[in-house]
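Structure record follows, encoded as C-alpha cells.
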C-alpha cells in the first residue's frame with residue numbers, strides 16, 4: 001500500500017464566533033498550519049457550515065459541525081459503536097480548547113488537547129456553594145478530556161503549572177506553545193465616541209470580576225488630574241458594580257466606560273493612550289499586554305498568573321492593589337519611560353517576538369512527535385521534522 005500523508009483534524013468550531021479570543025486563535029493558527037502543511041500532512045478542518053469562507057485558497061478537507069457530533073451524545077454511543085467502526089478517517093485530532101464540545105467518535109484516534117486557562121478557579125465567588133459546584137463540574141469536564149488525550153498543550157508555563165496543580169495528568173508532561181500576535185489593524189482616524197479630550201490612561205477587557213478594574217478607581221481618586229478609559233463589554237454584573245462605584249466616588253467626569261469597541265477604535269485607544277493598565281488576576285496569556293507593547297506603550301499590570309511570563313522585564317508590576325502603592329508604581333514607571341529614549345522601541349521589539357508562525361511551528365512539532373509514536377506500523381508517512 002503506498003504511503004500517504006497523515007490526515008490531521010483541527011477543531012475550528014469556534015470560528016463561528018470570529019470576534020472572540022478562541023475564534024481569533026482558530027483563525028490565525030489554521031492559516032499558518034495551511035502554510036506548513038504541504039508535503040507534511042493533510043489538514044482536515046472541523047468547521048461550522050459557512051466558516052470555510054475564512055480560508056478561500058483551500059488546501060484542506062472538511063468535516064462539518066453538527067449537533068449529533070457533540071461529545072455529550074458520542075459518549076453514550078461510543079461503547080456500542082466501537083465493534084462496528086471502520087478505520088478512522090483521520091490520524092490525529094486537535095481539540096483546540098478545553099471547552100470544546102466535540103471529540104472524535106473513534107477512541108483510537110489520538111488527541112492533542114489545548115488548555116488555554118483555568119480562569120474559573122481564580123474568580124471571586126458571589127455564591128460560594130454554587131461556585132464550588134460549578135468549579136467541580138468544570139474541572140471534571142477538563143479531566144475527562146485530559147484522560148482522553150495523547151498530548152496536552154498550554155499557552156503559558158503558568159497555565160501548565162495551574163493544570164498540573166488541579167488535575168491528574170496521569171504522569172504526562174504539558175507542552176507550552178505561546179500564542180502569536182497579529183499585525184495591528186489600521187486605527188480609526190477620529191477619537192472614538194466617549195473618549196475624553198486630552199491624555200488618558202487605558203484599560204481594556206470584558207467587565208468580569210477577575211479583571212480587577214475596581215482597583216483602578218481607588219488609584220484615580222489619588223490622581224485628580226488624570227483620566228481613565230475602560231473599554232470592553234460592560235453589560236455584566238461587575239460592570240454594574242463599576243458604574244455604581246464610579247458614581248459613589250464621584251469619578252464620572254474622569255473615568256469613562258466605553259463598552260465594546262471596534263477593532264479600529266481599539267487600535268486608536270492603544271496608539272493614543274499615555275499608558276496601559278491591566279490589573280487582571282486571571283489570564284491564560286494576556287493579549288492586551290502585548291497589543292499595547294506593540295504600540296510602544298508602557299504597561300502596568302498585576303504580578304499575577306501568566307503576566308510576568310508574557311511581559312518579562314519590559315513591563316511594570318503592581319505588587320499591591322492599595323491605591324497609594326499603585327500610584328507609586330505608576331508615577332515611577334512613567335518617569336522612567338520619559339527618561340528612556342529607547343523604551344518604546346524595546347517594548348515593540350519584545351512584542352514582535354510573539355508570532356503565529358512560531359505558534360503553528362510549535363504545534364506541528366507536537367503533531368509530528370505524536371504521529372511518529374503511533375504510526376510506525378500503519379504504513380502512513382509521518383510528516384518530516386519541523387523546521
Fill in: Scope the range 116-137; condition surrounded by 15 or more Cβ atoms within 10 Å (Cβ to Cβ) and modelled with pLDDT of 90 or more; matching residues
116, 117, 118
Worksheet item: Is it the case that some residue within the range 179-196 is within 19 Å of residue 95 (Cα to Cα) and touching a residue at least 24 places away in the same chain (Cβ under 8 Å)?
Response: yes
Worksheet item: Any idea how many residues of the range 168-217 are in contact with a strand residue (DSSP E or B) (Cβ under 9 Å, 6 or more places away or on another chain) and surrounded by 13 or more Cβ atoms within 10 Å (Cβ to Cβ)?
Response: 23
Fill in: 2 or more residues more than 22 Å from the chain's Cα centre (by Cα) and in contact (Cβ under 8 Å) with a residue 40 or more places away in the chain: qualifying strands (runs of 3 or more DSSP E) within the range 227-314
228-231, 255-259
Discussion item. Need a quick list: strands (runs of 3 or more DSSP E) entirely within the range 1-113 having at least 3 residues that are touching a residue at least 24 places away in the same chain (Cβ under 8 Å), outside the structural domain of residue 143 (by TED's automatic domain parsing) and over 21 Å from residue 152 (Cα atoms).
Written reply: none
Worksheet item: Do we find a residue being closer than 21 Å to residue 328 by Cβ and at pLDDT below 95 anywhere in the range 276-284?
Response: yes
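Conditions (1) more than 20 Å from residue 159 (Cα to Cα); (2) at pLDDT 95 or above; (3) out of contact with any helix residue (DSSP H, G or I) (no Cβ under 9 Å at 6 or more places or on another chain); (4) buried (at least 16 other Cβ atoms within 10 Å of the Cβ), marked per residue:
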| residue | (1), (2), (3), (4) |
| --- | --- |
| 293 | yes, yes, no, yes |
| 299 | yes, yes, no, yes |
| 304 | no, no, no, yes |
| 312 | no, no, no, no |
| 318 | yes, yes, no, yes |
| 343 | yes, yes, no, yes |
| 355 | no, yes, no, yes |
| 379 | yes, no, yes, no |
| 384 | yes, no, no, no |
Discussion item. I'm trying to understand the selection: among the residues of the range 147-162, which are buried (at least 20 other Cβ atoms within 10 Å of the Cβ), touching a helix residue (DSSP H, G or I) at 6+ places or on another chain (Cβ under 8 Å) and assigned to a helix (DSSP H, G or I)?
Written reply: 158, 162
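The values are calculated or read from the model by the stated rules, or taken from the named source; none is laboratory data. For clarity, every value in this text was computed on a predicted model and none was experimentally measured. Positions of Cβ are backbone-derived with ideal geometry, glycine not excepted, and every protein chain shown enters the neighbour counts.
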